[in-house]
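I have placed the structure first, in the form of C-alpha cells, so that the comments after it can refer back to it.
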Amino acid sequence: MISSEKNSSLLQCLENSNNDDDDLISQLPDDILISIISHLPTKNAVQTSLLAKRWRNLHRFSPLYTIELGCSYLLKHALVNARPASISKRRIGRLFEQNPHNSAYNIYSLDSFLRLLHSNSSYKIHSFRLVCCLDKSVTSRFERCISSLGRLDLEKLFLDFRCSPRTVYTISDLSFSCHLFSKMPSLKCFELSRCCLQPCSGSQFSNNSLQTIVLMNVTVYPGAVECILSECLRLHSLTIAICVGPRKLRFCGPHLELKYLYISSCARAEEIELHATNLLVFEFCGDRMINLIFDHVPQLESVYLSAYSKNIVPYVFGRLALDLPHLKSLNFTTSEIWRCNIKDMKINMYSNVRRLYINMQDLSKIDIRLLTSILQHCPLLQEFHLNVKFNGSGRLVGMKQEVCHSELKKVEIGAFEGTEYEMELALYILKSAINLEKMHITKSYRHYQIFYNGCNGSWHVAPSDPWSEETEGMIRSKLQGQAVSKTAQVIIQHKPTHFQYSN
C-alpha cells in the first residue's frame, strides 16, 4: 500500500488529467485503470467515480477493498438509515451524545451495513476491520453478521470488541465460537482481540483456507486451541499474545501443518507441549520461564526465549540443548543478573546452531569465560550477536587462546562501552575466528520484541548517548588490525546502519 501523500498526489493527478483537453489517462485500458485504483485507499478509490462517466464503475472491480468500521461510524450510520417504525433518529442522536459505545445499536448498524454491501454485489471486499464495542447480549445477531461477512468472500478479518482507549486492557464478555470459522470459507487471515474464544460445542467444523490466526488480549477457554488446530487444516501461523488461558497449552496433532508459533505474555500458562511435525519457528516471551515439552518437533530450526524475571541461561545451555540438538538459530533474552559460576554450570553442545543471539539487560557482573565457553560449544556457529547492558565495571578474567572458531563469519556486539572485559572478549573473537568477515561494534543496544504493535517479532534500537572521542579512539586503536582473518572488516560506530539479521 502506498503512503497517504502519494495517494493524494495520485488522486490529484487523475483529477488534473480529467480536466485536460487531452485526457491521456482515461484512454488507458480498463485493466490498467483498475490496477491504478487498487493502490488507493477505499475512500479515494470510490472518489474516482466522480471524475468522469468513463470512471463511474471502475472502482467496483478493484480487488483490494479494505473496510474499517468503528463505534462512531456505526452509530452515525444508524442515525442516517433509521426508520421511524423501528428506531427513533432522535433517540439514536441522544444516545450518540451520551454513549457512542452502545452494543445494541452497534450490532443493529453493522447488520444494516452488511445488508447494504450484499445489495451491491459488484464490490469485491478483500479485508474487513471492525473495532467496536459489543457484548454477550448481542451474541446471536453477531453470529448472523459473521455468516453475512463470510458470504463476502473475505480473505482478511480483524475483530476488536473494545474501541475506547480507556478499555484497552478490558476484555468484552462477548464470545467468539470456533465453529464460526466454518462460516468463512475463503478467509486466510484472522485477528481477534479483547473478547472470549470458545471451543466448538456439538458438531465439528472444518476450514481449509485459514492460514494465519492472531489472538491478542483474548480469554482462551479450555479446548479452544485444540479445536482450532484440529479443524483449521491449513493453519501455518498462530500467535497468542497477552491472553488469559488454561495452565497447559497443547499444540499437538498427527497432521498439523503449523509452521510458526508465537506465545507472548500469557497469564496462567505453566506448560506448553509441542508435537508438531512441520513446526519451523517457536517464540516464547513471559515474565517467567514455564515448562516447555518438545515432544516431537523434527523440523524446528529457530527458537526465541525471553523470561525477564528469571535467569534462563542454565536452561538454555542445559536441558534445551539436549531437547533440540538440531536447532539452527537460537535467540534468548534475560534481564536477571547472570550469577552463573562457570565451574558449576554444565554447558551442553549445540552441534548444529548457525546463529546465536544473546540479549541481556541490567547486568552487573559477567564471567567472560562463560561467553567463550558458549562459543566453543557451538562448533558450526556462523553468526554471533551479543547485546549486553552492563551496570558497573564487572570482573575481568584472564584467558588463554585455545580454540579456533573456523565457521564464525559475522559478529555484532551492541551496547559496547569499551570496558576491559568487553575489549578482551572482542580481541578473543578477532584472534580465534580465523575466517571472520565482519565484526560490528556499536554503542546502541538492539533488542528483540516477540510481538510489537500488532506484528510478530522484530528488532528495535534503543537510544543511547554516543562514546566520547577519547573512548571511541581507544576502541579503534585496540581493535583495528588485530584480526587473524585477512578478510575481516571491523566496523566501529555509535549508531549502526541496518544490520541484516538472518531468519
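With 0.36 nm allotted per residue and the present C-alpha distance subtracted, the TYR308-ARG476 stretch has 57.1 nm of extension available. Shape annotation for segment 112-271: C-alpha extents along the principal axes are 49, 40, 28 Å, from largest to smallest. Rolling a 1.4 Å probe over the protein chains gives ASP287 an accessible area of about 100 Å². Ligands, DNA and RNA aside, PHE158 has an accessible area near 40 Å² when probed at 1.4 Å. Output the pairs from LYS346/LYS410; LYS156/LYS443; LYS259/LYS410 with a Cα-Cα distance over 30 Å in this structure; if there are none, say none. With Cα atoms farther than 30 Å apart: LYS156/LYS443.
Sorting VAL138, VAL484 on solvent-accessible area from highest to lowest, probe radius 1.4 Å, gives VAL484, VAL138. Taken over segment 263-319, the alpha-carbon convex hull comes to 80 cubic angstrom per residue. Taking 0.36 nm per residue of separation and subtracting the current Cα-Cα distance, fully stretching the chain between HIS326 and HIS447 would add 41.0 nm.
Take the Cα of LYS248, step 7 Å toward its Cβ, do the same at GLU417, and the gap between the two points is 4.5 nm. In this structure, HIS255 and SER201 have a Cβ-Cβ separation that, at R0 = 22 Å, corresponds to a calculated FRET efficiency of about 0.40. When GLU301, GLU383 are compared by accessible area at a 1.4 angstrom probe, the order from most to least is GLU301, GLU383.
A full extension of the chain between SER468 and SER137 corresponds to an added length of 112.9 nm, given 0.36 nm per residue minus the alpha carbon distance. For the cross-link pairs LYS431/LYS486; LYS328/LYS486; LYS188/LYS248; LYS409/LYS478, the ones whose C-alpha atoms lie over 18 Å apart are LYS328/LYS486; LYS188/LYS248; LYS409/LYS478. Working from label points 7 Å from Cα in the Cα-to-Cβ sense, the THR66 to LYS438 distance is 3.1 nm.
Exposure check, 1.4 Å probe, all protein chains in place: VAL490 carries approximately 30 Å² of accessible surface.
The values are calculated or read from the model by the stated rules, or taken from the named source; none is laboratory data. Computed from a predicted structure; not experimentally measured. Positions of Cβ are generated from backbone atoms using ideal geometry, with glycine treated the same way; all protein chains shown enter the neighbour counts. Heads up: the accessible areas ignore ligands, DNA and RNA and are worked out on the full protein's heavy atoms, side chains in. Shrake-Rupley method; radii C 1.70, N 1.55, O 1.52, S 1.80 Å.
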